[in-house]
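Take a look at the structure set out below.
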Amino acid sequence: MKKVIMLLSALVMCGSVYVGLGNKGFLEETLTNLTSTNKKVTEVTAELGATEDKRDDAIEKETQAKDKRNQASAAVEGVKQNLKIAQKSIDDIASDLKKVEIEMAEITLAIKKVFPNGEIQSPEELNMRLTMYKENLTEENNKKAEYEAQLASAAQAKQAQVVRVKEEENFQVERAQKLSLNGLIATVIAVNKDWGFVMVNAGRQNGVTADASLLIKRGNSRIARLRIVNLQDNVVVADVVKESLVKGFEVQPGDKVIFENIN
């Protein structure tokens, strides 16, 4: 734009000179006009430069404004997205609250059906009652544990007592058996002289034990001692203790068998 103005100025000057050659007065006037025009051109050029500077500033500011607007638009879009997310969360919470309200209504209705007399009217009261029941149950369980511990201790004591009683019973049974053996009189039913053993018509059913000591009696005399080698229910097989046999006697069937006195 500046070049165009300068070219126009030069043309004007040339035209003025050309015309001035024909008319000096007109030339002087033309020169004056040319000077004035040049001055105006200079002023216009300066104003044009200032205008262009302002235009450049305006363009830069507009660019900055566009950048800020774009940033603001991006921020607004982000806010919109956040608002959508927040709204979705609010809708979900509202839906959950609605479900809770429905469940609470159902619970309240169920409570009224279970407790028609109105002793419990709300879930809060039911929760309080359940808490109380749980506390009572815990207390009862603690008492139960104490009772079970006492019962276990008593059972152990009882078991020990039972063992002692059983031992006493066994002792008394054994003592009774031994006492019964003191009065038991059996008979030699067979004699094997070759092997030196005899058979006696008494056995376990009569209270005879493997360690019992048997004596053979003929009349009022004891003639030998027997050592049990085989104990059966109704028969005893025993060896004759040779060193116990009275000289001049032999064990014979029909001899009586008694048991030594056992206390």
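The values are calculated or read from the model by the stated rules, or taken from the named source; none is laboratory data. The structure displayed is predicted, hence computed values, not measured ones. Backbone-built Cβ (ideal geometry, glycine too); neighbour counts: all protein chains shown.
Quick grid of which residues meet (1) in a loop (DSSP other than H, G, I, E, B); (2) within 52 Å of the chain's Cα centre (by Cα); (3) modelled with pLDDT of 85 or more; (4) of a type outside the set (Asp, Glu):
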position: ILE93; (1), (2), (3), (4): no, yes, no, yes
position: LEU97; (1), (2), (3), (4): no, yes, no, yes
position: PRO116; (1), (2), (3), (4): yes, yes, no, yes
position: PHE171; (1), (2), (3), (4): no, no, no, yes
position: ALA176; (1), (2), (3), (4): no, no, no, yes
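Among what's in region 201-256 and is exposed (fewer than 15 other Cβ atoms within 10 Å of the Cβ), among the acidic types (Asp, Glu) and part of a loop (DSSP other than H, G, I, E, B), pick the residue that is modelled with the highest pLDDT.
It comes out as ASP233.
Restrict the check to region 60-83 and report whether at least one residue is among the hydrophobic types (A, V, I, L, M, F, W, C), modelled with pLDDT under 75 and within 38 Å of the chain's Cα centre (by Cα).
no
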